[in-house]
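*Asks:* Pasting a structure below so you can have a look.
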Amino acid sequence: MVLERGEVANSWRRERWESLRLLTPNWQSRLPGLRYEGPDPDGYMSAGEVTAFIERFANVSRAPVRTGVNVTSVRPGGDGYHVTTSRGKIGCRTVVIASGACNRSAVPRFSGAVPASVEQLTPFDYRGPAQLPDGGVLVVGASATGVQLAAELRGSGRPVTLSVGEHVRLPRTYRGRDVLWWMDASGLWDQRYDEVEDLTRARRLPSPQLVGTPGRATLDLNALTSMGVALVGRWAAVRDGRALFSGGLRNMFSLADLKMERLLDTFDEWAKTDGYEAEVGPPERFAPTRVPESTRLQLDLRSGEIRAVVWATGFRPDYGWLDVPVVDAKGQLRHDGGVVDCPGLYALGLPVLRRRRSTFICGIEDDAREVIEHLARFLAVRR
Ligand SMILES: Cc1cc2nc3c(=O)[nH]c(=O)nc-3n(C[C@H](O)[C@H](O)[C@H](O)COP(=O)(O)OP(=O)(O)OC[C@H]3O[C@@H](n4cnc5c(N)ncnc54)[C@H](O)[C@@H]3O)c2cc1C
């Protein structure tokens, strides 16, 4: 059985802002036996469309879902696990943890020192610009969520400052194709977790600076600067009501530019060796990220210049209900490709779980098949 505390596709119903669209194109949204068949394969689904897509999958696959059942504890016992829920207790031999990688916002501790006059929001609270007080907004984090929210807030007429830490720069399209087509076709997304050089790092990599818009626009830092978004460095601390930012934007930008160039080189190499040259446009290179002439190293949060802070500093899973010692000091599940370090316990839906594409919806099909094969063998041996 599948236990869900809310409704099917709960995270897409309840935990996304109004304008959110997938950054993966429609043709890439696929679940086992179900793929996008609408009129716009190169478009990007809204959260409502993702909800409908997952709901359809639940119906077509006749998944035995029990909604409105919150799991409050899972612990070893009996012939497997004792599961306590808001609707009673269940005993089972195996458990697959599919509770998501993004249950909470990862907000730095120093947020507690932000003056009370400044409103603070996370992507879980944020629905749209109208919700924020008039005036300046400081968006923290320049990955997919941060760049999208900074652009939307700037578009609403507010002065926006974006605090930039480590980020992954990508053009929306490259040589005439969606950049995620290149990830897919070149096999980069199929790289397996046991072939990735630094798996811990790969699993913690920020999401790429991408947005899904009808015009397939690139939303990198240059695009944001052109819209009038002011860039500052990584937010390091709050002292006496002042936000203190790191310097070194130039180095950070160069590193992100360099990594993007390397990735584009890999795509070019692949297109050449696999005979795709004729199908795609000529190689492209993009202008380096522009370094602002001067950047502020601090901002007085009591001056009224900043009325709201939006924390786009990433997400964390929540395993507060898991009474099995398989979560590390950083709150991440210890597992080997979805096989958790406790017999009969499995995981799905985590970043780079078994391959790079595991981070995305299109990654679940192969992952689920392999993890369930292991689970079935486990049950067969026990029998
Ligand atoms: C802001 C954002 C944007 C994204 N954009 C894209 C994108 O463009 N393309 C893409 O392919 N992927 C995207 N992803 C990733 C995508 O969301 C995941 O790949 C996918 O949602 C994983 O599905 P899941 O079912 O494993 O996890 P989730 O969608 O997180 O679902 C987990 C479910 O478990 C339930 N749950 C949690 N704890 C309990 C409990 N204790 N008891 C009962 N139920 C519980 C939750 O209610 C939820 O419904 C994005 C993620 C985020 C956060």
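*Asks:* What do the square roots of 5 times the Cα gyration tensor eigenvalues come to for the stretch 106-314, in whole Å, largest first, as semi-axes of the equivalent ellipsoid?
*Replies:* They are 34, 18, 16 Å, listed from largest to smallest.
*Asks:* In whole Å and largest first, what semi-axes does the C-alpha gyration tensor of the stretch 1-157 yield when each eigenvalue is scaled by 5 and square-rooted?
*Replies:* Working: eigenvalues 226, 122, 29 Å².
Working from the Cα gyration tensor, I get semi-axes of 34, 25, 12 Å.
*Asks:* Divide, for the chain, the radius of gyration over alpha carbons by 2.2 N^0.38 Å, where N is the residue count.
*Replies:* Details: Rg = 22.1 Å, N = 383, 2.2 N^0.38 = 21.1 Å.
For the chain, the normalised Cα radius of gyration comes out at 1.05.
*Asks:* Also: Pairing the Cα long axis of helix 144-155 with the longest principal axis of the chain, what angle in degrees results, from 0 to 90 and rounded to the nearest 10?
*Replies:* 40
*Asks:* Another question, if that's okay. LEU170's amide H: which non-local residues (gap 5+, or another chain) put their own amide H closer than 5 Å, with H modeled 1.01 Å from N in plane and none for Pro or chain starts?
*Replies:* GLN209
*Asks:* Stokes-Einstein diffusion coefficient for the stretch 178-256 at 4 °C in a medium of 1.567 mPa s, Rh from the Kirkwood formula over Cα pairs: what value in µm²/s? Numbers along the way, then the final one.
*Replies:* Values: Rh = 16.0 Å.
Stokes-Einstein gives a translational diffusion coefficient of 81 µm²/s.
*Asks:* Projected onto the charge dipole of the chain (+1 at Lys/Arg Cβ, -1 at Asp/Glu Cβ, origin at the Cα centre), which of GLY155, PHE253, PRO64 gives the Cα projection farthest towards the positive end?
*Replies:* PRO64
*Asks:* Contact order normalised by length for the chain, with contacts defined as Cα pairs under 8 Å and 6 or more residues apart; what percent is it? All intermediate terms of the calculation are to be shown ahead of the outcome.
*Replies:* On the way: 670 pairs, mean separation 87.7, N = 383.
Relative contact order of the chain: 23 percent.
*Asks:* Express the relative contact order of the stretch 1-112 as a whole percentage, based on alpha carbon pairs under 8 Å and six or more residues apart in sequence.
*Replies:* Values: 136 pairs, mean separation 29.9, N = 112.
RCO, the stretch 1-112: 27 percent.
*Asks:* If you wrap a convex hull around the alpha carbons of the stretch 187-226, what volume per residue comes out, as a whole number of Å³?
*Replies:* Working: hull volume 4.3 nm³, N = 40.
For the stretch 187-226, the hull spanned by Cα atoms encloses 107 Å³ per residue.
*Asks:* For the chain, what does the helix formula give at 222 nm: sum of -39500 (n - 2.57) over DSSP H segments with n ≥ 4, over the residue count, nearest 500 deg cm²/dmol?
*Replies:* Mean residue ellipticity at 222 nm (helix-derived): -7500 deg cm²/dmol.
*Asks:* Below 8 Å, C-alpha to C-alpha, sequence gap of six or more: please give me the relative contact order for the stretch 1-59 in percent. Numbers along the way, then the final one.
*Replies:* Values: 53 pairs, mean separation 24.9, N = 59.
The normalised contact order for the stretch 1-59 reaches 42 percent.
*Asks:* So what's the net charge close to PHE57: Lys and Arg +1, Asp and Glu -1, counting the other residues with Cβ under 12 Å from its Cβ?
*Replies:* Around PHE57, the surrounding residues sum to +2.
*Asks:* Highest mean first, what order results for 253-261, 34-42 on Cβ atoms within 10 Å? Present the calculation step by step, with values, prior to reporting the outcome.
*Replies:* On the way: 253-261: 16.7, 34-42: 12.6.
Highest-to-lowest ranking by the protection proxy: 253-261, 34-42.
*Asks:* Shifting gears a bit: For the stretch 45-121, just say rounded, prolate or oblate: build the C-alpha gyration tensor, square-root its eigenvalues into a ≥ b ≥ c, call rounded for a/c under 1.5, and beyond that prolate if a/b exceeds b/c, oblate if not. Intermediate results must be reported in sequence, preceding the final value.
*Replies:* On the way: a/c = 3.11, a/b = 1.40, b/c = 2.22.
Oblate, since a/c reaches 1.5 and b/c is not below a/b.
*Asks:* In the calculated pair distance distribution of the stretch 210-369, what percentage of Cα-Cα distances lie above 26 Å?
*Replies:* On the way: 7088 of 12720 pairs.
The answer is 56 percent, as a whole percent.
*Asks:* Quick one: Karplus J couplings for the stretch 355-365, per residue in order, coefficients 6.51, -1.76, 1.60, θ = phi - 60°, nearest Hz, x for Gly and Pro?
*Replies:* 7, 4, 6, 4, 5, 10, 4, 6, x, 5, 4
Each value in this text was obtained by applying a stated rule to the coordinates, not by laboratory testing. Worth saying up front: this structure is predicted, and the values here are computed from it rather than measured. When we count neighbours, we look across all protein chains shown, and the Cβ atoms used for this are built from the backbone with ideal geometry, even at glycine.
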